[in-house]
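For reference, the structure discussed in these notes is given below.
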Amino acid sequence: MSDSGLRSFYLQDIPLDQALEHFRHALTEAGLGSTMPAERIPVEAGLGRVTAEPIWARISSPHYHSGAMDGYAVRAADTQGASDRSPVQLKIGEKAWYIDTGGALPSGTDAVIPIESIEPIGSTKQGRALEAIRVLGPVTPWSHVRSMGEDMVATELVFPAGQVLRPVDLGAIAASGHFEINVLRKPRVGIVPTGSELIPPGTNPEPGRIVEFNSIMLAAQVEDWGGVPHRYPIVPDDLERIQAALKLAAEENDLVLINAGSSAGSKDFTATAVEALGDLLVHGVAVRPGHPVILGMISNGSHPLAVPVIGVPGYPVSAALTGEIFVAPLLRRWTGSQPERPGVLTAQLARKVHSTAGDLEYLRVAVGRVGSRWVAAPLSRGAGVISSLVRADGIVQIPAGVQGISAGEPVQVHLYRSVSILENTILVLGSHDLTLDLLAQFLAQRGRRLTSANLGSLGGLIALRREEAHLAGCHLLDPASGDYNLSYIQEYLPDVPVVVMGLVGREQGLLVPRRNPASIAGLQDLTRPGLRFVNRQRGSGTRILLDYHLGQLRIEPSLIQGYEHEEYTHLTVAAAVASGAADYGLGIHAASVALNLDFIPLFKERYDLVIPRTHFESALLEPLLRVLESAEFRQAVEALPGYDIEPMGRIIYESDG
């Protein structure tokens, strides 16, 4: 491609509040600082829309006096003096008229006597051929009558401007005599994905190609925030084509999101295109994740600076965060909807996190109530880790200038989920296992949510000691006894009454590429020149298992290329091998099957659930214990490769602390 006209830009990160102020000022100058113009729509299409002007009742509701029950309309004065001993007789058609519920009261009547409260005189065929009715007691004016205007009166205010319309609101508007309403027009938002490496969803990606899914996520965000998204085709890294796509999107939309194409390097397609079509306001914001954010104003063909454009970073976590920070407030301002004020709670951080001192960082966390305290467990932090978006219960802001937060410190969590959901969340910290994901599926059907964070087996026991989890997954080999977990529990939880419940037996072995091209046979091959190993993190049960057997074989870890290359789960170890980042790693059989690798079995181990007794006996964990007893769950686990369900649900050990 030709780089003709491509400008050299370098990120000039500015604080978030300054970036927002620049953007707000430019929007105001362009006349875009208030709500969208109005459009007229049928009432039935108004769900979720925002009224552009007050709605006044055109007619009263009801617009006539009507019967509230099946019965006879009468003048209340004609019933005065009536009693069981001295009933009053009213002739049909002269002093009494039959009406159904909702029927209009005949002129001059002001009350309805329910049909079950009269005695008929004459024929009772269908209750309409009567000669007269006998009234056994007086009625008061307007009894059993819906008076005209009881609900609303003509000219009465039904809704003010700025009302977000609910289903019941649409009924009230129709009842007040309207069949069309003026609502704020929804903003049109164009989403332009860029990158020569991108391919459409549904395409099988080759190495170096990436499935383009950010536009799907951004479009859903836009729709959720009240806009109408329009996804454009992928544009390759060509300045002229990006500029043409940006120009077209500006002509057809109120806001343009251009995804990727901006970077810290010299070739910045987005910045160059924005500057060529208008005004580049901001190039880089000091938030993490999300540095290469672009804010600008470009021409829509008739006005020089009429359409805001936001350059969204390519990494999915950064893209989602950019939407939350910049797109959501703008769309809510344009649609006139009130800004969301998600719940905020104070939680205890489950493990220490480090942060870059110069940036405002947004840390996603899983949240659960453990005893009387809320606990926030940090999730994976990479800008490309989209799973952290799915699993996050909330977000913690780490201010610029703060280099980290220690474990146990209180943090403010801005919630993504309601507190009622979090109250029913079982928080598991410690070693990860695929059966935990399966367990989460079964618990969801029983009104419980299970969320987990991977701290390693030792990290899970420490979390239990600090009362930061409901249970921990653990598979720590005791080299002295050959047993699992018990000696570590006695060391790390000497004063905590616990129940150790077996979950599964499982195979550990070497994960290698298909057909084992390096002919790896066992741990003795770890020191072969040219072979790269991928390890688990310190404190994990797999790492302890490896180190024990390396010691038995008298293999020095320093001789193993890749021993310091650490991953936090069996699946990420498998991914490293499948991607070619490593030639082999130690993990469970099921992880090799998940990523189409070969497996060399080496060891069998027991994976337990360590549960403080206070939680073991709680109502929160009762569904979990029932799942472990269910035949359906046991069959599902048994179908996974490399698993043995013999220990499942068996009490291995109990302590009184």
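Only the coordinates and a few stated rules stand behind these numbers; no lab work does. Keep in mind it's a predicted model, so treat the numbers as computed, not measured. Virtual Cβ from ideal backbone geometry, glycine too; neighbours counted across all protein chains shown.
Close amide H pairs (under 5 Å, H built 1.01 Å from N) link Leu476 with Asn485, residues at least 5 positions away or on another chain. From the residues Gly587, Val390, Ala463, which one has its Cα farthest along the dipole of the chain in the positive direction, the dipole being from +1 and -1 charges on Cβ of Lys/Arg and Asp/Glu about the Cα centre? The Cα lying farthest towards the positive end belongs to Val390.
Ranked by the mean number of other Cβ atoms within 10 Å per residue, highest first, peptides 545-551, 362-368, 619-625, 320-326 order as 362-368, 320-326, 545-551, 619-625.
Farthest towards the positive end of the charge dipole of the chain, among the residues Pro62, Leu239, Ser107, is the Cα of Ser107, using unit charges on the Cβ of Lys, Arg, Asp and Glu. Less than 5 angstrom separates the built amide H of Gly408 from those of Leu349, Ala350, Arg351, all sequence-distant by 5 or more or on a different chain. Positive end of the dipole of the chain (Cβ unit charges, origin at the Cα centre): among Thr335, Ile173, Gly311, the Cα lying farthest that way belongs to Ile173.
Around the amide H of Ile210, modelled in the peptide plane, lie the amide H atoms of Leu198, Ile199, all under 5 Å away and 5 or more residues distant in sequence or on another chain.
Counting charges near Gly195 (Lys, Arg +1; Asp, Glu -1) among other residues having Cβ under 9 Å from its Cβ returns a value of -3. Highest mean first, the peptides 345-351, 587-593 sorted by other C-beta atoms within 10 Å per residue fall in the order 587-593, 345-351. The length gained on full extension between Trp56 and Gln445, counted as 0.36 nm times the residue separation minus their Cα-Cα distance, comes to 135.4 nm. In the chain, the inverse of the mean reciprocal separation of distinct Cα atoms equals 30.4 Å; this is its Kirkwood hydrodynamic radius.
Got the relative contact order for the chain handy, in percent, Cα pairs under 8 Å and 6 or more residues apart? Could the numbers behind the result be given before it?
Working: 1496 pairs, mean separation 70.8, N = 657.
Dividing the mean separation by the residue count of the chain yields 11 percent.
Please report the relative contact order for the stretch 32-180, taking Cα pairs under 8 Å with a sequence separation of at least 6, and give it as a percent rounded to a whole number. That works out to 41 percent.
Phi angles of the stretch 299-307 translate, via the Karplus equation with coefficients 6.51, -1.76, 1.60 and θ = phi - 60°, into HN-Hα couplings of 7, 9, x, 10, 10, x, 9, 10, 10 Hz per residue; Gly and Pro are given as x.
Shape class of the stretch 66-146 from the alpha-carbon gyration tensor: oblate, with a/c at 1.5 or above and b/c at least as large as a/b.
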